[in-house]
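The values are calculated or read from the model by the stated rules, or taken from the named source; none is laboratory data. Computed from a predicted model, the values in this text were never measured in an experiment. Note that each Cβ is placed from the backbone with ideal geometry, even for glycine, and that neighbours are counted across all protein chains shown.
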Amino acid sequence: MIRRYGNGSPCGRLADENQLEAYLHDGYWQCMDTLRDRQLLESQWQKGKSALESVVAGMDFWSGRRVFLTGHTGFKGAWISALLHRLGAEVHGYSLAPQSPSLYESSGGAKWMARSTYADLRDCDALKGP
């Protein structure tokens, strides 16, 4: 289900102009920020109960898709952009410039990106693009 929210903010104006959308995910979600989270997800994977398994198993889903990824120069964003690229997605990144040293730079993350924009998400003009 796609929902648009407008509230007068830069992103809200973009949503009002049908330039920005978000997908409301009703399914499984689990962060992986701590060792405890990692252990939980690994345990679920080993038991065959991982929601991630369905994403990875459906690799053809991402092939040829255009993906707009915010935060692509950060640690998690670098991994996700690499995975999406490997699955055949055309990845367009939008984030602040990478801080050195970073996984994005050391892994050559720029080579996976169809387009990479370095700007603040609150910058409405930069978010609209050229």
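Quick look at the values:
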item	result
Single residue of segment 69-97 satisfying the filter (assigned to a helix (DSSP H, G or I) and of a type outside the set (A, V, I, L, M, F, W, C)) that is surrounded by the most Cβ atoms within 10 Å (Cβ to Cβ)	Ser81
Segment 98-130, residues that are in a loop (DSSP other than H, G, I, E, B) and surrounded by 13 or more Cβ atoms within 10 Å (Cβ to Cβ)	Pro98, Ser102, Ser107, Ala119, Leu121
Residues located in segment 57-68, provided they are at pLDDT below 90, loosely packed, with under 13 Cβ neighbours inside 10 Å and not in a loop (DSSP other than H, G, I, E, B)	Ala57, Met59, Asp60
Cross-chain or 6+ apart pairs with Cβ under 8 Å, segment 54-71 first and within 18 Å of Tyr118 (Cβ to Cβ), then charged (D, E, K, R) and at pLDDT 70 or above	Val67/Glu90
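To keep it simple, each residue is scored yes or no on (1) charged (D, E, K, R); (2) surrounded by fewer than 13 Cβ atoms within 10 Å (Cβ to Cβ); (3) modelled with pLDDT under 75.
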site: Met1; (1), (2), (3): no, yes, yes
site: Pro10; (1), (2), (3): no, no, yes
site: Glu17; (1), (2), (3): yes, yes, no
site: Leu24; (1), (2), (3): no, yes, yes
site: Gln30; (1), (2), (3): no, yes, yes
site: Asp33; (1), (2), (3): yes, yes, yes
site: Arg38; (1), (2), (3): yes, yes, yes
site: Ser43; (1), (2), (3): no, yes, no
site: Gly48; (1), (2), (3): no, yes, yes
